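A quick write-up on the structure given underneath.
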Amino acid sequence: MIIEDLIKFITSLSPGQMVAYFWPFFLLDMTRYVFLDFIVIIFYVPRRILHRHKYQQARNLLYKERPLVSVIVPGKNEGKHIPKLADSLSKQTYKNFELVIVDDGSDDDTAVICRELEKQGKIDCFIRNEIRGGKASAANTAFRYSKGKYIVHLDADSHLALDSIETILLPFYMDNNIGAVGGDVRVANAEKDIVTRLQAIEYLKSISTGRTVSSEMGILRIIAGAHGAFRRDVLERLHGWDVGPGLDGDITLKIRKLGFRVVHEPMAICYTNVPEKFRILAKQRFRWDRSMIRFRVRKHRDILMPSANFSLTNFLASAENIFFNLVLDAKWWIYVVQMVIINPSLLGYIFLINFILYFLANVVEFIMACVLLHSSLRRKDYALAFFLPLIPIYTGLFLRTVRTYAYIMEFIHGASYYDKWNPWKVSRIAKEEKL
Amino acid sequence: MRQPYYIQSANSEISCAGIQTIAQDELQNINSDDVAYWLIDMRIWTEGWEQLCKIRRNLAPAVYLKPVLFLIDSDTIPQEIVTASDGNIHRSSCDERILEDWVSRVEPINQWIEHLPNAKVGSDANIAFKVLRIITSRNVELEPITTIRRHSGYVYPLLEPMFGKRDTGVLETLAFLESQHLLNGRFISSAHFCSHCGSAFLNFKESCPQCSSDDIRSDELIHHFKCAYTAEMADFRTGDRLVCPKCERELKHIGVDYDKPSIVYHCNQCSHTFQDPKIMTACYNCGRTAEPEHQEARSILAYTVSAIGQNAADYGLDALFTNILDHELHLFSEHAFRDFYRIEMSRIERYKRSTSSLVMIRFHDLDKLYIKLAGKAREVFYELSTIFKTVLRQSDVITAKNETIFFVIMTETSAKHAERAAERLQEGVSALFENNLDFKPAMSVRIREIHPKLDIDAALEDFLENDN
Ligand SMILES: [Zn+2]
Ligand SMILES: [Zn+2]
Ligand SMILES: [Zn+2]
């Protein structure tokens, strides 16, 4: 009966009414995430196949030059992950790299583990900062002691696909104007439980597909710290990273401001471990969402203002992000209020139809991800499809609630100045200086 | 009333009127009860030192234990030499009153010597025992002093002259006595010694863990809070100010706008960057290089005599091998041994039926064994005695020259049979040490058939002189 009623309700709507009732989906989410992605992917996939020889050319150039690549891994209390990481690096197809680890004031046995690996020659340079300085300071320390022409920034809690270093370097050999390349990040512990599976689908959508599309449109706004490659000369001009949180997005934007292109390379794969509990995931996202506000709205507001070095794509990269995250976050609450006012009795149907629409959109997005990434996907990745019905709940309710809360906290308290990633001494200065 | 005795020497005339003079070889022959102290002229201090060494290396308690005073006229004598005496008298102030004053000051030492059961006739062959006695007699804490003139870096001035080149080291002997609970040690310092030559003069240097070069430099890291720029202090240094190369601000107060999270080293040879420099030590004496953990680390102690030590100083060390051997086998005195020899020789000459043999045995590293065995010495020496017991017969006569030299008369035994016995002894000793320690004391044996023409004194003398 419910289904019959539902069908009756849907068929009674004119196309105009349909859009009016479900405008967030049709006007915004479908347009941005389904339609736009679809258009870009339609062009990207055949072109990638047609340009195979360009990749081969780049690979030849890379191996002809064989530049030293510095893999830098700053972190605190990450010692337990390092032996596995060093091991996975030793199996890389590209061999001319050095591993630089910076221990940012760990209070566990990280130093002991790393000194031992250093003695065994598995770490080329290990620097321990007795006093914690925060993520940016640790990354800058690693950068200071790296010698490579390219810097690959990794999180300790991750491992690389065997050809990852080679693949992430290829874009540099295809376009001299590329300053940084983002590597793909996939979920290593997807099979663990439902929390990690949902995140695995989310990563395929938002990172693998999302960033490829942004990159194609020239509006990529983040090179993940978990997996990103930088040209040494570019990092030198910037003198490395600035105080976080959100330092990944920050440095990406600065590279763009210098006039360099930043691109995403979906085939350079890094597997990372994601939170296995909703509670921990919520905390992680709370942190990420707050930093979005801080860095895009506060620190880089110049990019939104017309000025001498105004760039349309830089403007779009930021504006798009702010709009779709911040403004569209508000739109949902407007929508809910609107629906309650118009006809509270229809709420059930509205919810159900929205659920179905978003479910279908996710199916389409998942298929697009499969088409885009097919050669790098494993059978178990396809099996994630069974969890697609849960995604509208996960993104629509769980993530949205966390995000709204984070935005409110940031606007009210500027809470991210006291981010746990930075020691208090750094946060205090950042707040004083209005960074 | 005891008198000071001035030790005669070739180059010094008598400078203090009315004082008895005595030649070095005569020391044993005077009544020690009359001697207050030996006075050594230090005008040529190297000669004076020789005199002191001769006294302290004498085996007679009445000689080596006696107080020694230096008669000095210059302040240029090295510290470890001037402090080796029991006291010093400046020549300019040397008069009767001073000399007499010293007689009473050293009286407690003389009284202690006097109370010893064997002070006048005895002979203390064991260096450890001598050390124990001299410390006990002085009744003070034996403290080391540092010196650059000995490569051990530390000396115990009182003990230095007692030790000849062939004796076990001072530190080892003291460690042995402490291990036997005869001395109590008080920690003074710890020191590293070259594991090869024992030198205390080691150059500790930081070196590159990759190429071992010590051509390295270090710098402090600076973290500028505001911009997160982190680099070496040299990168920030502009004239005498620190300016951030990233944000161009001047650094003002450490802990407020910047800090120093660590120190980083660079190798100038292989350009390796590291924080954990490898510490290496190079010996000034023999030039060998090694990691500190491969050098010998020892505690330097000051020593006082324990209650057991005081008792042992009076009555002898019952853990000494000779004591144990005496208990197990009954050792004859050397005097009695010679008498037995003469009796045996006459018997052989008279009946012309028997052959007997004189066996001379020397353990070469028994001194080292004391140190190596420490608390286990007694136990091992009992086993060693058992070996002697199984090889020798009731009718054999045995004496000990000192801890390491033994003479045996094997009655009714041909040189050939004696040789076999000596072989069994050697085998037994080897087996004992092979099973217990990775240490084998070398042993030399000489066998002479006893006949009227064999002069015992000459034979023993010859063995002592020529078997080194
Ligand atoms: Zn080196
Ligand atoms: Zn700065
Ligand atoms: Zn040496």
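Taken together, the values in this text are just the output of simple stated rules run on the coordinates, not laboratory data. Just so it is clear, the model here is predicted, and its values are computed rather than measured. Using ideal geometry, Cβ is built from the backbone for each residue, glycine included, and neighbour counts are taken over all protein chains shown.
Order B:82-94, A:219-231 from most to least packed using the mean count of other Cβ atoms within 10 Å. Numbers along the way, then the final one.
Values: B:82-94: 16.2, A:219-231: 23.5.
By packing density, highest mean first, the sequence is A:219-231, B:82-94.
For chain A, what does -39500 (n - 2.57) per DSSP helix run (n ≥ 4), summed and divided by total residues, give at 222 nm, in deg cm²/dmol to the nearest 500?
Working: 19 runs with 214 residues, N = 435.
Taken over chain A, the calculation gives -15000 deg cm²/dmol.
What are the membrane-span-like helices in chain B by this rule: whole DSSP H runs, Cα extent along the axis at least 30 Å, mean Kyte-Doolittle hydropathy at least 1.0?
On the way: long enough: B:415-436 (31 Å, -0.83).
None pass (Cα extent of 30 Å or more, hydropathy at least 1.0).
Ranked highest first by the average count of other Cβ atoms within 10 Å around their residues, in what order do B:331-341, A:265-275 fall? Don't skip to the answer; put the middle values down first.
Working: B:331-341: 15.5, A:265-275: 21.2.
Ranked from most to least packed, the peptides come out as A:265-275, B:331-341.
How long is chain B along each principal axis, judged by its Cα atoms, biggest number first, in Å?
113, 63, 40
Efficiency by 1/(1 + (r/R0)^6): what FRET value for residue B:347 and residue B:414, r their Cβ-Cβ distance, R0 = 22 Å, to the nearest 0.05? Please list the in-between numbers first.
On the way: r = 16 Å, r/R0 = 0.71.
That pair, residue B:347 with residue B:414, gives E of 0.90.
Residue A:257: which lysines have alpha carbons under 19 Å from its alpha carbon, excluding same-chain residues fewer than 8 sequence positions away?
A:299, B:246
Considering every residue in A:125-134, what mean count of other chain Cβ atoms within 10 Å of its Cβ is obtained?
Partner-chain Cβ atoms within 10 Å, mean over residues of A:125-134: 6.
Please compute the average number of Cβ atoms from other chains found within 10 Å of each residue's Cβ in peptide B:256-266. Don't skip to the answer; put the middle values down first.
Working: counts 3, 2, 3, 9, 3, 13, 10, 2, 7, 0, 1.
Partner Cβ neighbours, averaged per residue: 5.
Could I have the simple spin-label model distance between residue B:426 and residue B:115, label points 7 Å from Cα toward Cβ, reported in nm to one decimal?
Roughly 4.8 nm, to one decimal.
With θ taken as phi - 60° and the coefficients 6.51, -1.76 and 1.60, list the Karplus ³J(HN,Hα) couplings across segment B:262-277 in order, rounded to whole Hz; mark glycine and proline as x.
5, 10, 10, 10, 10, 8, 6, 8, 10, 6, 6, 10, 7, 10, 10, x
Within chain A, which is the longest segment containing none of the GluC sites (Glu not before Pro) that sit in a DSSP loop and have at most 12 other Cβ atoms within 10 Å?
Values: sites that count: A:191, A:433.
Excluding the exposed sites themselves, the longest stretch runs over A:192-432.
Quick one: helix A:2-12 against the long Cα principal axis of chain A, what's the angle to the nearest 10°, folded into 0 to 90?
Once rounded, the angle reads 80 degrees.
Can you sort A:374, B:272, A:239, B:224 by how many other beta carbons sit within 10 Å, fewest first? Display every interim value, and only then the final one.
Numbers: A:374 11, B:272 17, A:239 20, B:224 28.
Neighbour counts put them in this order, fewest first: A:374, B:272, A:239, B:224.
Provide the per-residue ³J(HN,Hα) series for segment B:195-210, in order, calculated from phi with Karplus coefficients 6.51, -1.76, 1.60 and θ = phi - 60°, each as a whole number of Hz, with x at glycine and proline positions.
Once rounded to whole Hz, the list reads 6, 8, 10, x, 5, 8, 8, 10, 9, 8, 9, 7, 9, 6, x, 8.
Report, by chain and number, residues whose modeled amide H sits under 5 Å from the one on residue A:178, excluding near sequence neighbours (fewer than 5 apart, same chain).
For residue A:178, the qualifying residues are A:261.
Quick one: order A:329, A:242 by neighbouring beta-carbon count within 10 Å, fewest to most. List each step's numbers first, then the result.
Details: A:329 16, A:242 23.
In order of increasing Cβ crowding within 10 Å: A:329, A:242.
Suppose we look only past 36 Å in the calculated P(r) of chain A. What percent of the Cα-Cα pairs does that tail hold?
On the way: 26625 of 94395 pairs.
Percent of Cα pairs beyond 36 Å in chain A: 28.
Give the Rg (one decimal place) followed by the Dmax (whole number) of the protein assembly as shown, computed from C-alpha coordinates and expressed in Å.
45.7, 150
Under the definition of partner shielding as Cβ atoms of other protein chains within 10 Å of a residue Cβ, what is the mean value for peptide A:139-147? Please list the in-between numbers first.
Numbers: counts 2, 8, 9, 1, 3, 8, 8, 1, 2.
The per-residue average across the peptide is 5.
So what's the back-of-envelope 222 nm ellipticity for chain B, counting only DSSP H runs of four-plus at -39500 (n - 2.57) apiece and dividing by all residues, rounded to 500? Numbers along the way, then the final one.
On the way: 15 runs with 158 residues, N = 468.
Only helices count here, giving -10000 deg cm²/dmol.
Using the 10 angstrom Cβ neighbour count as an exposure proxy, how do B:37, A:335, A:94 rank, fewest first?
On the way: B:37 24, A:335 17, A:94 20.
Ranked by crowding around the Cβ, least crowded first: A:335, A:94, B:37.
Straight-line reach only, C-alpha to C-alpha below 14 angstrom: list the aspartates and glutamates that residue B:226 could link to, leaving out same-chain residues fewer than 8 apart.
Straight-line reach from residue B:226, under 14 Å: A:242, A:432, A:433, B:248, B:250, B:257, B:259.
Can you tell me which lysines have their Cα less than 21 Å from the Cα of residue A:64? Leave out same-chain residues fewer than eight positions away.
A:54, A:91, A:95, A:147, A:149
Out of residues 5 or more away from residue B:124 or on other chains, whose amide H comes under 5 Å of its own, with H placed 1.01 Å from N in the peptide plane?
Amide H neighbours of residue B:124: B:60.
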